[in-house]
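J.: Can you keep this structure in mind? I'll have questions shortly.
Readers should treat all values here as calculations from the given coordinates under stated rules, not as data from a laboratory. Computed from a prediction, not measured in an experiment: that's the story for all the values here. All Cβ positions, glycine included, derive from the backbone under ideal geometry; neighbour counts span all protein chains shown.
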Amino acid sequence: MRTAFIKELIEEAKENKSIFLIVADLGFSVVEPFAEQFPDRFLNVGIAEQNMAGIASGLAMEGYNVYIYSIGNFPTLRCMEQIRYDICYHNLNVKIIAVGGGYAYASLGASHHATEEIGMLRTIPNITVCSPGDPEEMRAITRFTSNYKGPCYIRIGKAGEPEVYKKYNKEVNKIESGDILNVISGNDVAIFSCGAMLDYSANYILNNKLSASLYSFPFIKPLNNEQFVDIIRKYKRIITIEEHQLNGGFGSSILEHINDLKEKTLPISYPEIKRIGINNSFYSVAGTQDYLRKLAGIELKLKYFEL
């Protein structure tokens, strides 16, 4: 996804002279093409993520659309105060890119696991929270944010993620704020996938010959209410899956959204909700991303599809 992001950002920057990229001493072999083409709109601030957020805020106040880029929890958890006060409080045009969300850097241990940041960031006013599911969604989100005015968080994978939509001869050319994307159509059970769990979810449905539907949520905040209501009316059970702690994450946001819609007396049914995510624990072991996912309980099971 990171390669898809940089390539698309370069294309957007050719037309949009306000785009500025800041990195925290990483991204080598990825960000150089941007730096070479736009040296006056690129800055490496070194290993100083909190300063990076502050510099981005200043540049945004001068009219730039600033992207800050670092590994997983460093531009997020480490910078939460700067994100809240410098960026979101002033509603500034800063886009926070966390490369290697979830367990993408599994082998480096808990210090490099970004597994709580969605829950924290989505509580902050003004910020849009995005978690694209594959490179196609990443390109669409980059195009969206290049013209969007305001703070955004974008959680992406590391590298080599499959192009899920190409398997189904689908394209994601344009995306609007809050859009929900249908990947597979089925019957009474639907999987709501967040971020990098999309390919796993699609493969699970196909390999087990299930009639379930699959929806990708490249936006966690906000959600398109009209699309959301139309979707949840169709199903008896919804399974949410995410590479994030269950507390405060994507599944929690779905429960909150359904409850809030019910309070508004909208004529909607309330489907059963099964949440899959990290069982609110740290896993301080080294291994592959798939190994950490399994250890943390991020797995679909056939019993979840039995009504």
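J.: Give me the angle, in degrees from 0 to 90, between the Cα long axis of helix 198-207 and the longest principal axis of the Cα atoms of the chain, rounded to the nearest 10.
T.: On a 0 to 90 degree scale, this one is about 30.
J.: Something else now. Which of the peptides 65-72, 147-154 is most tightly packed, and how do the rest follow, going by the mean number of other Cβ atoms within 10 Å of each residue?
T.: The peptides rank, most packed first, as 65-72, 147-154.
J.: Further question on the same structure: At 0.36 nm per residue, and after removing the present C-alpha to C-alpha distance, how many nm does the segment from Tyr89 to Lys166 gain when stretched out fully?
T.: Additional length available on full extension: 23.8 nm.
J.: May I pose another question? So how much slack lies between His112 and Asn187, counting 0.36 nm per residue of separation and subtracting their Cα-Cα distance, in nm?
T.: Roughly 23.2 nm would be gained on extension.
J.: Still on this structure, I have one more. Nearest 0.05, what FRET efficiency do Asp230 and Leu26 give at R0 = 25 Å with Cβ-Cβ as r?
T.: The pair Asp230/Leu26 has a calculated efficiency of 0.05.
J.: Let me ask something else about it. Modelled label-to-label distance, Ser18 and Ile47, 7 Å Cα→beta-carbon offset: nm?
T.: In this crude spin-label approximation the distance works out to 3.5 nm.
J.: Order of Ser18, Ser284, Ser211 from fewest to most other C-beta atoms within 10 Å?
T.: Ordered from fewest to most neighbouring Cβ atoms within 10 Å, Ser18, Ser284, Ser211 come out as Ser284, Ser211, Ser18.
J.: On to the next question. Quick one: longest stretch of the chain between exposed loop GluC sites (Glu not before Pro), exposed meaning at most 13 other C-beta atoms within 10 Å and loop per DSSP?
T.: Longest site-free region, per DSSP loop and neighbour criteria: 177-298.
J.: Quote to one decimal, in nm, the extra length available between Asn173 and Val285 on full extension: 0.36 nm per residue of separation minus the C-alpha distance between them.
T.: 36.4 nm
J.: Could you work out the Rg to Rh ratio of segment 56-105, with Rh taken as the Kirkwood radius (inverse of the mean 1/r over all Cα pairs)?
T.: Computed over Cα atoms, the ratio is 1.01.
J.: For a 21 Å ceiling on Cα separation, which of these pairs sit above it: Lys7/Lys95; Lys7/Lys158; Lys234/Lys262; Lys170/Lys303; Lys167/Lys234?
T.: Lys170/Lys303; Lys167/Lys234
J.: Another one. Of all the C-alpha pairs in the chain, what % are more than 29 Å from each other?
T.: 32 percent
J.: Take the Cα atoms of segment 2-156, find their three principal axes, and give me the spread along each one in whole Å, biggest first.
T.: For segment 2-156, the Cα extents along the three principal axes come out at 38, 33, 29 Å.
J.: Moving to a separate point now. Apply the Karplus curve 6.51 cos²θ - 1.76 cosθ + 1.60, θ = phi - 60°, to the phi angles in segment 50-59 and return the couplings in whole Hz, x for Gly and Pro.
T.: With coefficients 6.51, -1.76 and 1.60, one gets 5, 5, 4, 5, x, 4, 4, 5, x, 5 Hz.
J.: Under 1.5 on a/c is rounded, so check that first for segment 1-77, then, if it is not, pick prolate when a/b is larger than b/c and oblate when it is not; a ≥ b ≥ c are the square roots of the alpha carbon gyration tensor eigenvalues.
T.: Judged from the Cα gyration tensor, segment 1-77 comes out oblate (a/c at least 1.5, b/c at or above a/b).
J.: Oh, and also: Could you tell me the convex hull volume per residue, in Å³, taken over the Cα atoms of segment 196-292?
T.: 112 Å³
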